[in-house]
Amino acid sequence: MQRIGRVFLSCLVAAAAAASGNEKDVADGTEKTIPAVRTATAPVLDGHLDDPVWRRAAIVDDLHMVVPNEHDPPSEESRIFVLYGADALYFAARFYDREPDKVSASVLRQGDFSWGEDGFSIILDPFNKGRNGYMFDINPNGVRTQALFTNVTEQNWAWQGIWHGAAQRDEEGWTAEVAIPFKSLSFEPDVQTWGINFTRWLGRRNERFGWVSHNLQQNPATSGRIEGLTDIEQGLGLDVVAGVRIGESRDYASGRASSSAEPSVDIFYKLTPAITAALTANTDFSGTTVDTRQINLTRFELFFPEKRKFFLQDADMFEFGRIGDENAKPFFSRRIGLSLSADELDIDVGAKFTGRAGRFDVGLVSIRQDAANAPGPSNLLVGRIAANVLSESSLGLIVTEGDPASQLDNTLYGFDFRYLNTRWSADRTIEAAAWYQSSETEGLHGSDAAFGASFEIPARDGWLLELDWKEIQENYYPALGFVNRTGVREYEVELNYMWRPAGHWLRSIVSGAEISRTEKIDGRLESQEISLRAVELRNHAADVLEANYLLGRERLTEPFEIAEGIVIPPGDYAFDSYCVEAQSGEHRVLTGAFFHCGGEFYDGTRQAAGGELTWRPSRHFRFSSGVEWNGIELPQGSFITRLASLRADVAFTATWYWENFLQYDNVSETMGMNSILRWVPDAGTEAVLVINRLFQDFDRNNRFESQRGDLAFKIGYTLRF
């Protein structure tokens, strides 16, 4: 590991030395600009625009419609005010509405989100490269969400940064004020022009207005500019997140109980305004939202997303090959601090180094943690470096070392080229990638590579095409990544066509097909699904109706136990089915999403149904209930799976809220309860009381007994210097 670390750090030094070789800014063809107006006095953030400093601000009032009819005049007037000081960017917005009583603002809990909300979004690209950036969003209740851009056109909404905002509703519509500290951003001090963009969301009509857009998109590659940002600073660039956790755990089966009181600390230091070093000690993840359960009717492992703050910080630096949440992902941070069965493992200490130096994006993570299923600690390392090439593309390297699941040596290295052209034509974008990986695992020799390529022409009108191919050899093992099948070649083709009827009650009509095929490397079929999208109808209120016909094939070379005591024998199975789905727009008080599928399944039949119903009687309450049911009949036997969930969230105020999540499935016959009381007086400060209980129906008589329980109180405070 030391050898790998030295090699990677040498690459980082070379990247820093090349910082003077910055490539030219991306020209988006629109060239909308605003001047950077400096203020010595920070505005008071209360949601009212009566602060005198706003009279001097730069004003943006030329938003146009993005959705549904790009570049049409907006249906409502908007005015955005922009200022900056030595340590922050400041924004204010006045959003006029001819029906102010219909402004959609049902979300009060910080971090919550609904597509049916009114909102104001700010996109920032501090490096002005059109490659990376931030999105900050605030609704009329002052609820803040934020995201990192990954792969330019996608966002990671689980990222959390420190910023501030307030909003108010009034007789003219609603207003918002926002402050984004420079301490929360990575940037080059010498770059005085940043990419910037604005979005207004009008929930009840499912409309979106923007300042700059292309092909219905707004992202770092499609933005305007703010010019003249000078003498901005981050102070010492030091954040210390100190916390303490007091907890108690109980195993009801054995009667054993344990209690603990432990401090934790995360330190983030800006080595330069563009490069951050992070250190975590005695890391605690109390308060992280639990996973949503899934029932697996396949032979392969399911993917669960990362939700922990430490690993989400600068997560975009480790994106590789546009692989996303798919097979052969070389780095999957959930492998750290969690066993394969999702039990928590203690992280003694961890360090992270991320940022940008010239045309290079760099990332390095080093972790020392308890090993899963092995004595002693595990030392884990991930390194990533990518050079910006062409106008919007990149060429990169990734290295991982260590195996959190064993004491065996494991090393992986990979190379990727990611191509992006957001200006291929007037209304088209091209995204493509090619990548190669190789793993070295103690005891495995040869056939340890994975490689692939993808090509996509995304579009909001007309034809959409996506092609994906990859080969994953038998001994490929990314110990710090995600792989759910090896010794295969995977092919995927998707072709859709979208109509946008003019002047019709329908917003869009989509039809198309998707073919997904997995073969063994010798050419024998393993799985195949052809999905014929008969129609997808979407109206202006965001209601959706979709119908699909599926043609599936599965080739089993060994028996597959799909349920307890029910084994499907080896063979070649072909089965057809259908699915109908309906979803209502989220701006309503009562919303729902429902599906029904039926047809053949292996050599039997399957009926599936389910959905989720959400009720928001006011901005203080949200209740939702979900259910998924599968009834499967096979010659080898019949069985039923049930998955049910219940959420009850209470937002007492915008800073006090109580989240409750109950889940049950009849496969494990367990019911889990997760209850979190949060107090978030300001960004970066949080107190959390967490109660987790697990109940199990041991004899399957619908009488649940306590199996495990946890109680934890955690408080954390961010000191910024």
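The values are calculated or read from the model by the stated rules, or taken from the named source; none is laboratory data. This one's a predicted model, so the numbers in the text were calculated from it and none came from an experiment. Please note: Cβ atoms are built from the backbone with ideal geometry, for glycine as well, and neighbour counts cover all protein chains shown. With ligands, DNA and RNA removed, areas are computed over all heavy atoms of the protein, side chains included. Shrake-Rupley method; radii C 1.70, N 1.55, O 1.52, S 1.80 Å.
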Which residue, of ARG208, ARG225, is open to solvent by 20 Å² or more (accessible area, probe 1.4 Å), of a type outside the set (Asp, Glu) and out of contact with any Gly (no Cβ under 8 Å at 6 or more places or on another chain)? ARG208
Name the pairs whose Cβ atoms lie under 7 Å apart, with the first residue in the range 297-310 and touching a residue at least 60 places away in the same chain (Cβ under 8 Å) and on the phi < 0 side of the Ramachandran plot, the second of a type in the set (Val, Ile, Thr) and open to solvent by 40 Å² or more (accessible area, probe 1.4 Å), and 6 or more positions between them or separate chains? LYS307/THR288; LYS307/THR289
Of the numbered conditions (1) among the charged types (D, E, K, R); (2) open to solvent by less than 50 Å² (accessible area, probe 1.4 Å); (3) under 21 Å from ASP325 (Cβ atoms), GLU492 satisfies every one except a single condition; which is it? (2)
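Quick check, is GLU519 buried (at least 16 other Cβ atoms within 10 Å of the Cβ), within 26 Å of LEU420 (Cα to Cα) and either touching a His at 6+ places or on another chain (Cβ under 8 Å) or modelled with pLDDT of 95 or more (or both)?
In short, no.
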Filter the range 436-463 for residues that are assigned to a strand (DSSP E or B) and of a type outside the set (Ser, Thr, Tyr) and give the result. GLN437, GLU440, ALA449, ALA450, PHE451, GLY452, ALA453, PHE455, GLU456, ILE457, GLY462, TRP463
Taking only pairs six or more apart or across chains, which ones have beta-carbon atoms under 7 Å, a first residue in the range 566-578 that is without any contact (Cβ under 8 Å) to a residue 60 or more places away in the chain, and a second residue that is open to solvent by 50 Å² or more (accessible area, probe 1.4 Å) and not in a strand (DSSP E or B)? PRO570/THR557; PRO570/GLU558; PRO570/PRO559; TYR573/ASP603
Of the numbered conditions (1) open to solvent by less than 50 Å² (accessible area, probe 1.4 Å); (2) assigned to a loop (DSSP other than H, G, I, E, B); (3) of a type in the set (Asp, Glu), ASP325 fails exactly one; give the number of that condition. (1)
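Tell me yes or no: at least one residue of the range 244-265 is within 30 Å of ARG555 (Cβ to Cβ) and of a type outside the set (Lys, Arg).
no
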Given the conditions (1) open to solvent by 60 Å² or more (accessible area, probe 1.4 Å); (2) out of contact with any helix residue (DSSP H, G or I) (no Cβ under 8 Å at 6 or more places or on another chain), every one holds for THR41 apart from (2)
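Per-residue answers, yes or no, for (1) closer than 30 Å to ASP448 by Cα; (2) open to solvent by 40 Å² or more (accessible area, probe 1.4 Å); (3) without any contact (Cβ under 8 Å) to a residue 12 or more places away in the chain; (4) of a type in the set (Lys, Arg):
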| position | (1), (2), (3), (4) |
| --- | --- |
| ILE246 | no, yes, no, no |
| ASP251 | no, yes, no, no |
| SER254 | no, yes, yes, no |
| SER259 | no, yes, no, no |
| ILE275 | no, no, no, no |
| VAL290 | no, yes, no, no |
| PHE331 | yes, no, no, no |
| ARG334 | yes, no, no, yes |
The number of residues in the range 141-163 that are open to solvent by less than 10 Å² (accessible area, probe 1.4 Å) and free of Cβ contacts under 8 Å to residues at least 40 places away in the same chain is 1
Only one of ARG299, ARG308, ARG356 is under 18 Å from THR276 (Cβ atoms) and more than 21 Å from the chain's Cα centre (by Cα); which? ARG356
Could you please let me know if LEU420 is open to solvent by less than 50 Å² (accessible area, probe 1.4 Å) and either at pLDDT below 85 or not hydroxyl-bearing (Ser, Thr, Tyr) (or both)? yes
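Quickly run through the range 56-65 and pick out the residues that are open to solvent by 20 Å² or more (accessible area, probe 1.4 Å), within 20 Å of ALA167 (Cβ to Cβ) and of a type outside the set (Val, Ile, Thr).
ASP61
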Out of all the residues in the range 530-546, which are in a strand (DSSP E or B) and touching an Asp or Glu at 6+ places or on another chain (Cβ under 8 Å)? ILE530, SER531, ARG533, VAL535, GLU536, LEU537, VAL544, LEU545, GLU546
Go through the range 164-178 residue by residue and tally those that are out of contact with any helix residue (DSSP H, G or I) (no Cβ under 9 Å at 6 or more places or on another chain) and crowded, with 21+ Cβ neighbours inside 10 Å. 5
Checklist (1) farther than 30 Å from LEU590 by Cα; (2) assigned to a strand (DSSP E or B) applied to GLU474, failing item: (2)
Note on the range 559-592: residues open to solvent by less than 70 Å² (accessible area, probe 1.4 Å) and charged (D, E, K, R) are ASP576, GLU586
Test ILE4 against the criterion of being open to solvent by 20 Å² or more (accessible area, probe 1.4 Å), out of contact with any helix residue (DSSP H, G or I) (no Cβ under 9 Å at 6 or more places or on another chain) and at pLDDT 95 or above, and give yes or no. no
Are there any pairs, at least 6 apart or on different chains, whose C-beta atoms fall under 6 Å, with the first in the range 455-476 and closer than 17 Å to GLU326 by Cβ and polar (S, T, N, Q) and the second modelled with pLDDT under 95 and open to solvent by 40 Å² or more (accessible area, probe 1.4 Å), and if so, which? GLN473/SER447
Across the range 102-130, what is the number of residues that are in a loop (DSSP other than H, G, I, E, B) and over 13 Å from THR175 (Cβ atoms)? 18
With of a type in the set (S, T, N, Q), touching a residue at least 12 places away in the same chain (Cβ under 8 Å) and over 30 Å from ALA459 (Cα atoms) as the only criterion, which of THR518, THR557 stands out? THR557
Report, ordered by the first and then the second residue, all pairs with beta carbons closer than 6 Å, sequence separation of six or more or different chains, a first member in the range 32-44 that is hydroxyl-bearing (Ser, Thr, Tyr), and a second member that is assigned to a loop (DSSP other than H, G, I, E, B). THR39/GLY85
Filter the range 66-89 for residues that are in contact with a helix residue (DSSP H, G or I) (Cβ under 8 Å, 6 or more places away or on another chain) and buried (at least 19 other Cβ atoms within 10 Å of the Cβ); which is farthest from HIS540 (Cα to Cα)? ALA88
